[in-house]
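Every number in this text was worked out from the coordinates using simple rules, so none of it is lab data. Computed from a prediction, not measured in an experiment: that's the story for all the values here. Because the Cβ atoms are built from the backbone with ideal geometry, glycine has one as well, and the counts that use them run over all protein chains shown.
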Amino acid sequence: MRVTLIHNPGAGDDKQPTAGQLEALIEEAGHKVRYESTKEKGWAKALKKETDLVVVAGGDGTVGKVARRLIGEKMPIAILPMGTANNISRTLGIANLSVTQLIPSWESARRLTFDAGVAIGPWGERHFIEGVGAGLMVSSIPEVEGSKTVDNLTDAGVKVTYAQQIFREHLEECPSFELEGTCDGEDISGRYLLMELLNMAYIGPNLFLAPDIVRNDGELDLVLLAEKHRKKLQDHIKGWQEGKPWPPEFGARRCKRLKIEWTGFRLHIDDKIWPDDEEKKKPKPPATIDIKVESKAICFLVPKEVEKENPLLEDEDRKNGKKKANGKSKR
């Protein structure tokens, strides 16, 4: 195969393979590789050149940059997880697989379609791969990014655990915010600590908030956490830190279209915060933010054995089939 390798050489920790090692491994597997570093200007031009597979070696930020540019192109994307959180790779079930396991799997891997989100607001129109949110996640991001301790840590796993601790401590005093909006026409207005509209099962420092995500059903998962959830979320973050990742039942709902009234609070759209402090022309509230789904917009390559074992990779038909089978068995 002709492979376009998009690599973030600054991703993750010191254990990650170099550009030369990645190229050598891909060529050893019988592929012809074209290398591009995201540190170089104009790297995205490589995505317009003929290829059979786009490979992204990096973290969620790099995967998102590439995937957003390939929405609707039907070009398969293979990920070599090298970031810190690797939420997209974790949803795909490949976060813990090495490059020497993943590269040989490409020839026989399954192409799985995923939805993408579209957020329309004062910024115009933006696609997202992971999710959109407000409240706790947004207010804790600057603390994590500004932490000198996190910067000095050299192990990705330790970085995630420390980021979870910052998130947990921030949760103690994080104020709630007023949200006015509708989910598929139903009023969801109220005061919340956190609002996340998710396209992936994980968000932030590996917070597992959407266990029932369906990858290509034209819906996203909406998680709304109110004051009553504060202690419960703190306890579960502690559990996640101790290696007990299964999420609490916060009552996520399926959502095809979310409309919210923006009154000045900050949002994240994937890994970008809006409004940006560096924006010269500050947006002024109020404004309506309209978020919807672009169904089956992107395609990820996943090893066959992972696809069979990972319930997060089930499509709508398989999910419905299981529900029917479980319903029959209960009768």
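Structure summary
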quantity: Label point at SER147 placed 7 Å out along Cα→Cβ; residues across segment 236-275 whose backbone nitrogen lies under 13 Å; calculated: 238, 241
quantity: Theoretical gain in end-to-end length, THR18 to GLU73 [0.36 nm per residue, Cα-Cα removed]; calculated: 16.9 nm
quantity: Sum of side-chain charges, LEU193 neighbourhood, beta-carbon under 10 Å (Lys, Arg +1; Asp, Glu -1); calculated: +2
quantity: Tilt relative to the chain, helix 136-145 - C-alpha long axis, 0 to 90 degrees, to 10; calculated: 50
quantity: Spatially proximal aspartates and glutamates relative to LYS48 (Cα-Cα < 13 Å; intrachain offsets below 8 disregarded); calculated: GLU36, GLU73
quantity: Compactness of the chain, expressed as Rg and Dmax over alpha-carbon positions, Å; calculated: 19.8, 63
quantity: Nonlocal amide H pairs with ALA95, under 5 Å, H built at 1.01 Å; calculated: ARG90
quantity: Set of aspartates and glutamates with alpha-carbon distance to LYS159 below 12 Å, sequence-local pairs under 8 removed; calculated: ASP13, GLU145, ASP151
quantity: Estimated inter-spin distance, ALA44 and LYS232, nm [label 7 Å along Cα→Cβ]; calculated: 4.0
quantity: Placed amide H near VAL33: partners under 5 Å, 5+ positions off or other chain; calculated: VAL3
quantity: Estimated inter-spin distance, SER189 and LYS292, nm [label 7 Å along Cα→Cβ]; calculated: 2.4
quantity: Calculated P(r) of segment 163-273 - Cα pairs past 19 Å, %; calculated: 47
quantity: Unsatisfied cross-links (Cα-Cα over 28 Å) in the set LYS259/LYS282; LYS244/LYS292; LYS65/LYS282; LYS231/LYS284; calculated: LYS244/LYS292; LYS231/LYS284
quantity: Built amide H within the under 5 Å cut-off of ASP13, gap 5+; calculated: ALA156
quantity: Antiparallel %, DSSP beta bridges [both residues in the chain], to 5; calculated: 75
quantity: With Cα atoms, 0 to 90° folded angle of helix 60-69 axis to the chain main axis; calculated: 80
quantity: 37 °C / 0.692 mPa s Stokes-Einstein diffusion coefficient of segment 46-184, Kirkwood radius on C-alpha pairs, µm²/s; calculated: 187
quantity: Computed [θ] at 222 nm, deg cm²/dmol, the chain (DSSP H ≥ 4; -39,500 (n - 2.57); rounded to nearest 500); calculated: -8500 deg cm²/dmol
